[in-house]
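Read through the structure below, which is laid out as structure tokens, and then see the notes.
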Amino acid sequence: MTVPLDTIFRSLMDLDRAHTLLTNKTTDFKSSKCNEVYQQKLIESQSLNSEGKRIMVLRGSSKSSTKSIRFVDELRQEMAAISDNKSKQAPYRSIPKAEMIVFDAPGLMDDYYVNIMSWGKNNVLAVGLGPTLYLWNSVDQRTHKLFHVREEDNWPTSITWSEETQTLAVGYTCSNLQLWDAESSKLIRSLQGHSGRIASTAWNGHILTSGSRDKSIINHDIRARNHLASCIKKHSDEVCGLKWSNEGDRLASGGSEKQLYIWEASKMSSSKFLHRFTDHCAAVKALAWCPYQHNVLASGGGWNDRCIRIWNTQKGICIHSIETKAQISGLEWNRHHREILSSHGYSTGEDQNKLCLWKYPSMTKVGEFGNHEPRIINLCQVFNYSNF
């Protein structure tokens, strides 16, 4: 059966259904080099779902603002260029040249290992500035002080919104772990178990996972009175990176001892890991699961490593490794384009304190921006920036 391309786009105007028709093995297209390139480009083009210290908000192009017809026009232009034996490359999408918003951030900790910034699905930014935790609402542009820690040297070192954004998990220097109701500004619960500072936390439904300088990972079931679900002690140094997969079946943990572990949710009580990767040459803090490839994980190393590595966690292999020439403090996949953004600190070159945008899967750099003077410590992604 032959399905004309014009018919697909005129009658459907639906990239998802068009993708199904174009990639269905039972569909018999008239073979040509242009058709093959057309299909490949179509797949790639689909949108998938204060000492000088600053917090910057930058804006890209949203899925809803991208017109399907633009993709068709670009694809046809590239087909015409191939037919004429030309090597013209379609211009890449517009990359922001400057930040949208800049906040003063006095008291922001200059500590590579902490994670003190989290953007919830409610479009509220939570950030720890020294002993104080602030909430900034992007809808009404208001700032609210959630709490101020009175104890000296017991500042927040890890902040993470729950998935439903009703609860904020806060880890502290002195091993405290608390749950806060952001709406009422009330402390809900304190969770015990660690003996060192908590630099990383990650949610997976009703499970809150915390990583500490005591080298342990604890899974807390916040529904239960006895919240301790499991405790893992495999890292030989501070656990500074934690990230659950989008499906919630795997956990990635990075440590200061340069090791990266992959855990299966169903086997964590046995402390048996799925994979242990030792390719990084520095602390592994930056972790990000790909939103459109289930088993793909990106990790970034510290000063002595400076590499972004892309892993196939099903096969247990590294499929890409990119030298960035700078300490990597954060990674975020673009949910609307096949790209990944990295944030950087100390550098051996000119990429110091910058944000770099990489095209996936080629991992070619397509842009860099950011005007931070000190190094970038944390990176998080806005869930809905239609309010800006």
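Odds and ends about this structure:
- Residue in region 294-302 that is modelled with pLDDT of 95 or more and more than 24 Å from residue 209 (Cα to Cα) present: no
- Here residue 219 passes the criteria (1) open to solvent by 50 Å² or more (accessible area, probe 1.4 Å); (2) closer than 18 Å to residue 160 by Cα except the one numbered (1).
- Index of the failed condition, residue 316 passing every other in (1) touching a Leu at 6+ places or on another chain (Cβ under 9 Å); (2) under 25 Å from residue 119 (Cβ atoms); (3) open to solvent by 20 Å² or more (accessible area, probe 1.4 Å): (2)
- Close pairs from region 262-285: first within 10 Å of residue 251 (Cβ to Cβ), partner acidic (Asp, Glu) and open to solvent by 10 Å² or more (accessible area, probe 1.4 Å), Cβ under 8 Å, at least 6 apart: 264/249; 265/249; 274/264
- Taken over region 229-269, residues that are within 21 Å of the chain's Cα centre (by Cα), open to solvent by less than 60 Å² (accessible area, probe 1.4 Å) and not polar (S, T, N, Q) amount to 19.
- For region 173-195, filtered to residues that are aliphatic (A, V, I, L, M) and assigned to a loop (DSSP other than H, G, I, E, B), the residue that is most open to solvent (accessible area, probe 1.4 Å) is 182.
- Set side by side, the residues 163, 152 differ, and just one is acidic (Asp, Glu) and under 20 Å from residue 244 (Cα atoms), which is 163.
- Here 322, 376 are screened, and the one residue that is touching a Gly at 6+ places or on another chain (Cβ under 7 Å) and crowded, with 17+ Cβ neighbours inside 10 Å is 376.
So that you can scan it fast, the table gives a plain yes or no per residue for (1) part of a strand (DSSP E or B); (2) out of contact with any Asp or Glu (no Cβ under 6 Å at 6 or more places or on another chain); (3) polar (S, T, N, Q):
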{"site": "214", "(1), (2), (3)": "no, yes, no"}
{"site": "226", "(1), (2), (3)": "no, yes, yes"}
{"site": "229", "(1), (2), (3)": "yes, no, no"}
{"site": "241", "(1), (2), (3)": "yes, yes, no"}
{"site": "248", "(1), (2), (3)": "no, yes, no"}
{"site": "266", "(1), (2), (3)": "no, yes, yes"}
{"site": "281", "(1), (2), (3)": "no, no, no"}
{"site": "285", "(1), (2), (3)": "yes, yes, no"}
{"site": "298", "(1), (2), (3)": "yes, yes, no"}
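- Residue within region 348-355 that is touching a Phe, Trp or Tyr at 6+ places or on another chain (Cβ under 7 Å), aliphatic (A, V, I, L, M) and either in a loop (DSSP other than H, G, I, E, B) or farther than 22 Å from residue 237 by Cβ (or both) present: yes
The values are calculated or read from the model by the stated rules, or taken from the named source; none is laboratory data. Not measured: the values here are computed from a predicted model. In this analysis, Cβ positions are derived from the backbone assuming ideal geometry, glycine residues included, and neighbour counts consider all displayed protein chains. The protein model used for the area step is the full one, side chains on, heavy atoms only, and it has no ligands, DNA or RNA in it. Shrake-Rupley method; radii C 1.70, N 1.55, O 1.52, S 1.80 Å.
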